[in-house]
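Everything on this sheet refers to the single structure shown next.
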Amino acid sequence: MAESELDRSALEALIFSSEGPLGLAALKRAFPRVTPGQISAAVAQINADLAATGRPYEIAEIAAGWQFRTRPAFAEVILSATPDRKLRLSRPALETLALIAYRQPLTRAEIEDLRSVDCGAVVKSLLERDLVRIVGRRDAPGRPALYGTSATFLETFGLRALSDLPALREIEAIVAAPSEELPADESALEPGESGSSEQPDALPDEEESLADDAAGELLLH
């Protein structure tokens, strides 16, 4: 085999054995002379072979890498057997995550200005879940942290890169608008629980549709 050729079986083994999406840098260490185009072509052929034999999984390009994932058609049966695998976020957490995703980088103060509510608990929750990360510091008094989405966010929502986020005008599902204001996002402390009697805060008019539309789209993935 020439150095520039790609052993599909070896590629499949590398992706299969990786704990997360296997990036181009790791693949280049294994196959120094292989181009990204050759990798994509090999992955496409592997997926074609898997589909032809009826396998319930495929290789997806996720978070700037490649990863084995079960096909969407099997999501319902998998979740019925392992319901704890389903990502559960409170409405305040989902709104905040959508704002960060579409407008990053943002400081906590900027998030709170957009949502008109204390977001300390929800930002902490998103950090703990590794859906957001600190990407820098704002050049301002106190040098506040700047928040952006993480590779885990891309992997969780099945995105190759942030450029794959849908344009707001393309969003078809809209979460119902919040009805009353809260002094703080108390419900974000337990994002996995539902049934809270409290309602999330109302957004400023010019920002309300942004958070609602973005949150609705993130629920679709």
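Tell me, which residue of the stretch 32-55 that is modelled with pLDDT of 90 or more and outside any helix (DSSP H, G or I) is surrounded by the most Cβ atoms within 10 Å (Cβ to Cβ)?
Only one residue tops the list, namely R55.
Somewhere in the stretch 88-103, is a residue under 23 Å from P166 (Cα atoms), within 17 Å of the chain's Cα centre (by Cα) and of a type in the set (S, T, N, Q)?
Yes - at least one qualifying residue is present in the stretch 88-103.
Out of the helices (runs of 4 or more DSSP H) lying entirely within the stretch 56-119, which hold 1 or more residues that are touching a residue at least 24 places away in the same chain (Cβ under 8 Å) and assigned by TED's automatic domain parsing to the domain that holds V132?
Hits in the stretch 56-119: 91-103, 108-115.
If R108 satisfies all but one of (1) of a type in the set (K, R); (2) over 24 Å from L165 (Cα atoms); (3) surrounded by 13 or more Cβ atoms within 10 Å (Cβ to Cβ), what's the number of the condition it fails?
(2)
Among the residues of the stretch 120-163, which ones are over 22 Å from P72 (Cβ atoms), polar (S, T, N, Q) and in a helix (DSSP H, G or I)?
The answer is S125, and nothing else.
Is it true that L131 is surrounded by 15 or more Cβ atoms within 10 Å (Cβ to Cβ) and at pLDDT 90 or above?
Spelling it out, L131 is indeed surrounded by 15 or more Cβ atoms within 10 Å (Cβ to Cβ) and at pLDDT 90 or above.
For the stretch 1-31: of the residues being of a type in the set (D, E) and over 18 Å from Q67 (Cβ atoms), which is surrounded by the most Cβ atoms within 10 Å (Cβ to Cβ)?
D7
Hey, any hits in the stretch 5-28 for a residue that's on the phi > 0 side of the Ramachandran plot, assigned to a loop (DSSP other than H, G, I, E, B) and not acidic (D, E)?
For the stretch 5-28, residues on the phi > 0 side of the Ramachandran plot, assigned to a loop (DSSP other than H, G, I, E, B) and not acidic (D, E): absent.
The values are calculated or read from the model by the stated rules, or taken from the named source; none is laboratory data. Just so it is clear, the structure is predicted and the values come from calculations on it, not from any experiment. Glycine gets a Cβ as well: all are built from the backbone with ideal geometry, and neighbour counts include every protein chain shown.
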